[in-house]
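Enquirer: Take this structure first; my questions come after.
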Amino acid sequence: MKVLLAEDDPNISVIAKLSLEKIAGHDVTVVSDGEQALAEALTGKYDVILLDEMMPKMNGLKVSQEYRAQCIDPRPVIFLSAKSQESDIREFRENGSGFIPKPFDPMTLGAQISAVLGSL
């Protein structure tokens, strides 16, 4: 599976990328801000997009909204965020396909993504 990971924390992006590539066998492209995420999502051919909510230049919710408005065939968007209040989770689900809370378990990140995709 081809994954776009939008994450501004270099430590988290390295862990997530390694987890998704080495454990789950996915091909991962990493970007570090919302503007890059939107541009890459619109031009790349990804199976799923993982978005951090709190990123520079454009937050994850705005990226998801713009992506869905501009893309003819949008791919699933899963939010990867430390924001976990009910109102945040509800907003993530309204603007995407799912939510995976941070901190995440690197050993099961690929399985969590598969579970979200399987529930669509």
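FYI, it's all coordinate maths here, none of it is from the lab. Quick caveat, the model's predicted, so the values are computed rather than measured. Here Cβ is always computed from backbone atoms with ideal geometry, including for glycine, and neighbour counts include all displayed protein chains.
Enquirer: Of (1) assigned to a helix (DSSP H, G or I); (2) surrounded by fewer than 18 Cβ atoms within 10 Å (Cβ to Cβ), residue 72 satisfies all except one. Which?
Expert: Checking residue 72 against (1) assigned to a helix (DSSP H, G or I); (2) surrounded by fewer than 18 Cβ atoms within 10 Å (Cβ to Cβ), the one that fails is (1).
Enquirer: Every residue in segment 18-50 that is hydroxyl-bearing (Ser, Thr, Tyr), in a helix (DSSP H, G or I) and under 17 Å from residue 102 (Cβ atoms), please. First the steps, then the outcome.
Expert: Pass one, segment 18-50, residues hydroxyl-bearing (Ser, Thr, Tyr): 19, 29, 32, 43, 46.
From the residues that got through so far, the ones that are in a helix (DSSP H, G or I) too are 19, 43.
Of everything in segment 18-50, just one residue is hydroxyl-bearing (Ser, Thr, Tyr), in a helix (DSSP H, G or I) and under 17 Å from residue 102 (Cβ atoms), namely 19.
Enquirer: Give the residue, chosen from 78, 15, that is in a helix (DSSP H, G or I) and either under 11 Å from the mean Cα position of the chain (by Cα) or in contact (Cβ under 8 Å) with a residue 12 or more places away in the chain (or both).
Expert: 15 is the lone residue from the list that is in a helix (DSSP H, G or I) and either under 11 Å from the mean Cα position of the chain (by Cα) or in contact (Cβ under 8 Å) with a residue 12 or more places away in the chain (or both).
Enquirer: The conditions are (1) surrounded by 19 or more Cβ atoms within 10 Å (Cβ to Cβ); (2) of a type in the set (A, V, I, L, M, F, W, C); (3) in a helix (DSSP H, G or I), and residue 100 fails exactly one of them. Which is it?
Expert: Checking residue 100 against (1) surrounded by 19 or more Cβ atoms within 10 Å (Cβ to Cβ); (2) of a type in the set (A, V, I, L, M, F, W, C); (3) in a helix (DSSP H, G or I), the one that fails is (3).
Enquirer: Name the single residue that is surrounded by the fewest Cβ atoms within 10 Å (Cβ to Cβ) among those in segment 31-60 being touching a residue at least 12 places away in the same chain (Cβ under 8 Å) and either within 19 Å of residue 111 (Cα to Cα) or of a type in the set (Ser, Thr, Tyr) (or both). Walk me through it before giving the result.
Expert: Of segment 31-60, the ones touching a residue at least 12 places away in the same chain (Cβ under 8 Å) are 31-38, 40-42, 44-60.
Still in the running and either within 19 Å of residue 111 (Cα to Cα) or of a type in the set (Ser, Thr, Tyr) (or both): 32, 46-52.
Numbers: 32: 18, 46: 20, 47: 14, 48: 21, 49: 27, 50: 28, 51: 29, 52: 26.
The extreme case among them is 47.
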